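Chemist: Below is one structure. I have some questions about it.
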Amino acid sequence: MTAKFVGAGLATIAMAGAGIGIGSIFAGLIVGIARQPTWEKQLFSYAVLGFALTEAIALFALMMAFLILFGFN
């Protein structure tokens, strides 16, 4: 029983990493726009793509945590 909670807690560590990654993506976007304002549209599209991929990792980690908690008896 306790191992399920420990496993689910460890699975959610990836969500913290995803939060750091998202912050890094948008920090890079701000720096990029500050350096080259004319590239704003292209940089923003790259940032949205990076955000979506990073957020997918967080959702996979959340899914694994719920699977560990509620999927196994």
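The values are calculated or read from the model by the stated rules, or taken from the named source; none is laboratory data. This is a predicted model, so every value here is computed, not measured. Here Cβ is always computed from backbone atoms with ideal geometry, including for glycine, and neighbour counts include all displayed protein chains. Heavy atoms of the whole protein, side chains included, go into the accessibility calculation; ligands, DNA and RNA do not. Shrake-Rupley method; radii C 1.70, N 1.55, O 1.52, S 1.80 Å.
Chemist: Run the quick spin-label model on TRP39 and ALA16: label points 7 Å from Cα toward the beta carbon, then report their separation in nm to one decimal.
Modeler: Simple spin-label model gives 3.3 nm for this pair.
Chemist: Further question on the same structure: Counting only protein heavy atoms and using a 1.4 Å probe, what share of the accessible area of the chain belongs to carbon plus sulfur, as a whole percent?
Modeler: 77 percent
Chemist: Then there's this: Peptides 31-38, 19-26: what's the order by average Cβ count within 10 Å, highest mean first?
Modeler: On the way: 31-38: 11.0, 19-26: 13.6.
Averaged packing, sorted descending, gives the order 19-26, 31-38.
Chemist: Taking θ = phi - 60°, what integer Hz values does the Karplus form 6.51 cos²θ - 1.76 cosθ + 1.60 yield along the range 64-69, in sequence order, with x for Gly and Pro?
Modeler: Ordered by residue, 3J(HN,Hα) equals 5, 4, 5, 5, 5, 6 Hz.
Chemist: What would the Debye equation give as log₁₀ I(q)/I(0) for the chain at q = 0.17, 0.20, 0.26 Å⁻¹, counting only Cα atoms as equal point scatterers?
Modeler: Relative scattering, expressed as log10 I(q)/I(0), comes to -0.66, -0.78, -1.03.
Chemist: Tell me, what is the per residue accessible area of the chain in Å², probe radius 1.4 Å?
Modeler: 73 Å²
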